[in-house]
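Novice: Got a structure here, written out as structure tokens. Questions coming.
The values are calculated or read from the model by the stated rules, or taken from the named source; none is laboratory data. Bear in mind that the values here come from a model prediction, so they are computed numbers and not experimental data. Note that we place each Cβ from the backbone using ideal geometry, even for glycine, and neighbour counts take in every protein chain shown.
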């Protein structure tokens, strides 16, 4: 009897991490995700660099379950709210930086565009609460060498 | 960069350089590339360019971002100072973690890894350099750091221990060259795994209990094994090279019969006994030992054993469809990435009728040739695989069948997806329900991804060429077709940190279902909608 109870206890302990594993990982409260460049309202011409700033958390590979670390996602002209229960989508307006990149070169058609950063965990889920940057607006001008 | 200039010009403006020495307390970071000489010897120009790029793209911005100032870069390293020890350590961690990402896709001996040492000290600041034994100590600490690690001095540790959330491992007092007093050194452990190595007693207790659990399970399995007819077990233990052929045949046979593929596969080497794939891989049930034995000696065992064993179970090879070669206009004007439209001639090849399924994948996993065992319905396409994972499967399949299985080239994929058509979708220019699995392509089943073949085949008889799961192809990702080959071969070479994805997934809208749609994604990163199908050269 004792043995069975011991085994049951051990089983429960073994299963515990699996059960208690939350999808939304928590992020430190003072985390700040922001754009180093460009700044809100900036006008750019042609291809431009976007640099991602992150304070109080680390940047790591997608798939790495490190504490307090995630990887960047850049949302271009996305208006839908972020669903914390789903992985951050992967398409042409949700750019992933799962290799731990902290910058990218963007080329957008002329006009007004919005940019926003979202930090994703090892499985591409947003943190809880979501670690997101302010949504900034940039204006892309006609190329200088306009035909 | 702006702050760096400020720092420098500030020193020019404020105290006259030849007057009182400008001393200040600063956190000093010293970074240095491990095995720099070896890297330079192997590829002088390439290494130099890469180091400069890392300095420009990673080190300088990280320092500025953490309110530090780059003092100087040397050939293989850099020195930076910070007002705040916390920022200095954070900056070091950011640099190291980013380098992990940058290095991940490179072979071990061409990785650029930094050692970083951080110390707090009173230094003399000059416009282009700093002096003081605080700097020397930082350099010494950096010297004993392992590549990829951040080591900090006791002075820094005292300042940051309650402020930066990560682990620290004390390495004790170290005597460093030419410094009289020993220096206390700590290793920074930014990741939870590493913290685990120095975990506390309570966790140890838990681990002990877990160990007990595993022991209980293991003894249960042992008891189960012993209760089996003992002859079989002994045979497996005694003759592991014979076992893979002999032992699995009675078990998988009925399953294989049910899931038989039309593809004839007469000369199959079948080292994978594939015990119920979805079941937990670690539970060492009866066939498991033979599985591991076969994978350990896979190449040699499989070359010798198949001939005398006609009863060897033909494992499930993906169903292939032969495609006659031809010429077609690749690309479209619907998206900048699909331009320019260019003529491509494709040689004859075969391609999977469906994306690789969970069942097929798990046979590779059971042979320990693929990275993980997938859960999910047997007939669902495998998903959450990286390009590297897909390559592993193709390599395993080629090895096991001795056929030239591989990933399709991007041109082959599009040629096959178009099925001889030049319309927007393979079935025409208008969206129609029942043709593809996407967000707005019509009714979607609740459970996704839907099993393979849920939608109509294209004119070549291929299912799910568009929608369902995204599919990796062989080519490196480039933003346009400018300079693409015209012979249907894969476009590789160059900076290949991302590869091409085709097809779009059930989570994308109908624009992604178009046969010309393309996107790129990081080579080594898994994502839940990414799968693949294999191709075969004749």
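Novice: Only one of B:54, B:81 is at pLDDT 90 or above and surrounded by fewer than 21 Cβ atoms within 10 Å (Cβ to Cβ); which? Full working, then the answer.
Specialist: Working: B:81 fails: surrounded by fewer than 21 Cβ atoms within 10 Å (Cβ to Cβ).
None of the other options fit; the residue is B:54.
Novice: On to the next question. Report yes if some residue within the range A:37-47 is under 21 Å from residue B:95 (Cβ atoms) and at the interface with chain B (Cβ under 9 Å from one of its Cβ atoms); otherwise report no.
Specialist: Start the filter on the range A:37-47 by keeping residues that are under 21 Å from residue B:95 (Cβ atoms), which leaves A:37.
Keeping just the survivors that are at the interface with chain B (Cβ under 9 Å from one of its Cβ atoms) gives none.
Within the range A:37-47 (the criterion being under 21 Å from residue B:95 (Cβ atoms) and at the interface with chain B (Cβ under 9 Å from one of its Cβ atoms)), the answer is no, since none of the residues qualifies.
Novice: For residues that are at negative phi and away from every other protein chain (no Cβ under 14 Å), tally how many sit in the range B:458-475.
Specialist: Within the range B:458-475, the subset at negative phi is B:458-460, B:462-463, B:465, B:469-475.
Within this subset, residues satisfying the condition of being away from every other protein chain (no Cβ under 14 Å) are B:458-460, B:462-463, B:465, B:473-475.
Total satisfying the criteria: 9.
Novice: Moving to a separate point now. Applying the selection to the range A:102-134, what residues are away from chain B (no Cβ under 14 Å), closer than 30 Å to residue B:99 by Cβ and surrounded by fewer than 16 Cβ atoms within 10 Å (Cβ to Cβ)?
Specialist: Across the range A:102-134, the qualifying residues are A:128, A:129, A:134.
Novice: Out of the range B:482-509, which residues are closer than 13 Å to residue B:468 by Cβ and away from every other protein chain (no Cβ under 12 Å)? If you could, list the steps in order and put the result at the bottom.
Specialist: Of all residues in the range B:482-509, those closer than 13 Å to residue B:468 by Cβ come to B:501-508.
Within the range B:482-509, B:502, B:503 qualify.
Novice: Considering every residue within the range B:409-421, establish whether at least one is closer than 19 Å to residue B:471 by Cα, outside any helix (DSSP H, G or I), in contact (Cβ under 8 Å) with a residue 24 or more places away in the chain and under 25 Å from the mean Cα position of the chain (by Cα).
Specialist: Filtering the range B:409-421 down to residues closer than 19 Å to residue B:471 by Cα leaves B:409-419.
Keeping just the survivors that are outside any helix (DSSP H, G or I) gives B:409, B:419.
Okay, now just the ones that are also in contact (Cβ under 8 Å) with a residue 24 or more places away in the chain, so B:409, B:419.
Narrowing further to those that are under 25 Å from the mean Cα position of the chain (by Cα): B:409.
Yes.
Novice: Right, next: Which one of the conditions (1) crowded, with 22+ Cβ neighbours inside 10 Å; (2) within 14 Å of another protein chain (Cβ to nearest Cβ) does residue B:87 fail to meet, given that it meets all the rest?
Specialist: Condition not satisfied by residue B:87: (1).
Novice: For residue B:376, state whether it is in the same structural domain as residue B:489 (by TED's automatic domain parsing), under 21 Å from residue B:436 (Cβ atoms), part of a loop (DSSP other than H, G, I, E, B) and at pLDDT below 95.
Specialist: So residue B:376 passes the test.
Novice: So, one more: Please determine, by comparing only the residues of the range A:37-52 that are part of a strand (DSSP E or B) and touching a residue at least 40 places away in the same chain (Cβ under 8 Å), which one is nearest to the chain's Cα centre (by Cα).
Specialist: The residue in question is A:52.
Novice: Check whether at least one residue in the range A:17-34 is within 13 Å of chain B (Cβ to nearest Cβ), over 15 Å from the mean Cα position of the chain (by Cα) and either at pLDDT 90 or above or closer than 20 Å to residue A:111 by Cα (or both), and report yes or no. Break it down stepwise before answering.
Specialist: Let us first name the residues in the range A:17-34 that are within 13 Å of chain B (Cβ to nearest Cβ), namely A:17-18, A:20, A:23, A:25-34.
Of the ones still in play, those that are also over 15 Å from the mean Cα position of the chain (by Cα) are A:17-18, A:20, A:29-30.
Next cut, either at pLDDT 90 or above or closer than 20 Å to residue A:111 by Cα (or both) only: none.
So far as the range A:17-34 goes, no, none of its residues is within 13 Å of chain B (Cβ to nearest Cβ), over 15 Å from the mean Cα position of the chain (by Cα) and either at pLDDT 90 or above or closer than 20 Å to residue A:111 by Cα (or both).
Novice: Residues in the range B:520-535: is at least one within 14 Å of chain A (Cβ to nearest Cβ) and closer than 18 Å to residue B:332 by Cβ?
Specialist: Looking for residues that are within 14 Å of chain A (Cβ to nearest Cβ) and closer than 18 Å to residue B:332 by Cβ, one finds at least one in the range B:520-535, hence yes.
Rundown of residues vs (1) surrounded by fewer than 23 Cβ atoms within 10 Å (Cβ to Cβ); (2) more than 11 Å from chain B (Cβ to nearest Cβ); (3) within 12 Å of residue A:126 (Cβ to Cβ); (4) in contact with a strand residue (DSSP E or B) (Cβ under 6 Å, 6 or more places away or on another chain), yes/no style:
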residue: A:64; (1), (2), (3), (4): yes, no, no, no
residue: A:70; (1), (2), (3), (4): no, no, yes, yes
residue: A:77; (1), (2), (3), (4): yes, yes, no, yes
residue: A:80; (1), (2), (3), (4): yes, yes, no, no
residue: A:85; (1), (2), (3), (4): yes, yes, yes, no
residue: A:89; (1), (2), (3), (4): yes, no, yes, no
residue: A:95; (1), (2), (3), (4): yes, no, no, yes
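Novice: Of the residues in the range B:379-408, how many are part of a helix (DSSP H, G or I) and within 18 Å of the chain's Cα centre (by Cα)? If you could, list the steps in order and put the result at the bottom.
Specialist: Within the range B:379-408, the first condition is being part of a helix (DSSP H, G or I), and the residues that meet it are B:387-401.
Next cut, within 18 Å of the chain's Cα centre (by Cα) only: B:387-396.
Within the range B:379-408, residues that are part of a helix (DSSP H, G or I) and within 18 Å of the chain's Cα centre (by Cα) number 10.
Novice: Continuing with the same structure: Give the range B:400-425 a look and list any residue that's surrounded by 23 or more Cβ atoms within 10 Å (Cβ to Cβ) and closer than 19 Å to residue B:389 by Cα, or say none.
Specialist: B:400, B:405, B:407, B:408, B:409, B:410, B:413 - these are the residues of the range B:400-425 that are surrounded by 23 or more Cβ atoms within 10 Å (Cβ to Cβ) and closer than 19 Å to residue B:389 by Cα.
Novice: Also, I was wondering about something else. Name the one entry in A:24, A:63 that is assigned to a loop (DSSP other than H, G, I, E, B) and on the phi > 0 side of the Ramachandran plot.
Specialist: Working: A:24 fails: on the phi > 0 side of the Ramachandran plot.
It is A:63.
Novice: On to the next question. Can you tell me how many residues within the range B:439-454 are buried (at least 21 other Cβ atoms within 10 Å of the Cβ) and at pLDDT 90 or above?
Specialist: 1
Novice: Could you go through the range A:135-145 and let me know if any residue there is modelled with pLDDT under 95, within 11 Å of chain B (Cβ to nearest Cβ) and in a loop (DSSP other than H, G, I, E, B).
Specialist: no
Novice: Further question on the same structure: Pairs please, first residue from the range B:160-173 and closer than 15 Å to residue B:146 by Cβ, second anywhere and part of a loop (DSSP other than H, G, I, E, B) and at pLDDT below 75, Cβ atoms under 7 Å, 6+ apart in sequence or on different chains.
Specialist: Between residues of the range B:160-173 that are closer than 15 Å to residue B:146 by Cβ and residues that are part of a loop (DSSP other than H, G, I, E, B) and at pLDDT below 75, the close pairs are B:169/B:198.
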